[in-house]
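Please read the structure below before turning to the comments.
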Amino acid sequence: MNNKPKPNWYPIKNMPMIASLIDGQLADLKDQYASLLEARPKPHVLTDAIVQRVTRVYTEQFDFAWVFEEQLSKWEKEERLVPTQQKEIERLQVQVQGIRKFLVDILDLAEELKMGTIEKVMAKSDFELGMEYFKRKESET
């Protein structure tokens, strides 16, 4: 059984609204990815809850990306597209590919960051922390 809700498909006249959603989501994903990259060298500034929330939210967005793809595909199949509409659909398809890429990048980075959250650091002994410090210093040289 398919658990995906049936989306509402929009006529081509709603393209500006959909374009705004796609462009906005891509911009937000770029910002979120940049923020998470800042935490990469110091994942201990994050909590398990934050990383779990990032994983949940962006997994849901990844699971929803097919709706944009399908909406664009439906419009593309319309017989009476003017050249500007066709060009905009092509642009939006590239944007949706970007959305998918950033979602995968965010989820991969969250997977990496979850190994160093503050809870993970606090659970380690002083000896383990010291050994990790020296390993990092060794790899930097």
As an exercise: evaluate residue 57 against (1) in contact (Cβ under 8 Å) with a residue 24 or more places away in the chain; (2) out of contact with any helix residue (DSSP H, G or I) (no Cβ under 7 Å at 6 or more places or on another chain) and give the number of the one condition it does not meet.
(1)
Residue 59 - would you say it is modelled with pLDDT of 95 or more, surrounded by fewer than 11 Cβ atoms within 10 Å (Cβ to Cβ) and closer than 29 Å to residue 14 by Cβ?
no
Mind checking which pairs have a first residue in region 101-112 that is of a type outside the set (Val, Ile, Thr) and a second that is outside any helix (DSSP H, G or I) and at pLDDT below 95, Cβ under 9 Å, 6 or more apart or different chains?
109/40; 112/40
Scanning region 6-16 residue by residue, those surrounded by 10 or more Cβ atoms within 10 Å (Cβ to Cβ) and in a helix (DSSP H, G or I) turn out to be 12, 14, 15
Of all residues in region 17-53 being acidic (Asp, Glu) and free of Cβ contacts under 8 Å to residues at least 24 places away in the same chain, which is surrounded by the most Cβ atoms within 10 Å (Cβ to Cβ)?
28
Just for region 62-94: of the residues that are more than 30 Å from residue 109 (Cβ to Cβ) and aliphatic (A, V, I, L, M), which one is surrounded by the fewest Cβ atoms within 10 Å (Cβ to Cβ)?
82
Subset of region 91-141, residues at pLDDT below 75, among the acidic types (Asp, Glu) and under 30 Å from residue 28 (Cβ atoms), comes to 119
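The values are calculated or read from the model by the stated rules, or taken from the named source; none is laboratory data. What you see is a predicted model, and the numbers here were worked out from it, not measured in a lab. Every residue, glycine among them, receives a Cβ derived from its backbone with ideal geometry; neighbour counts consider all protein chains shown.
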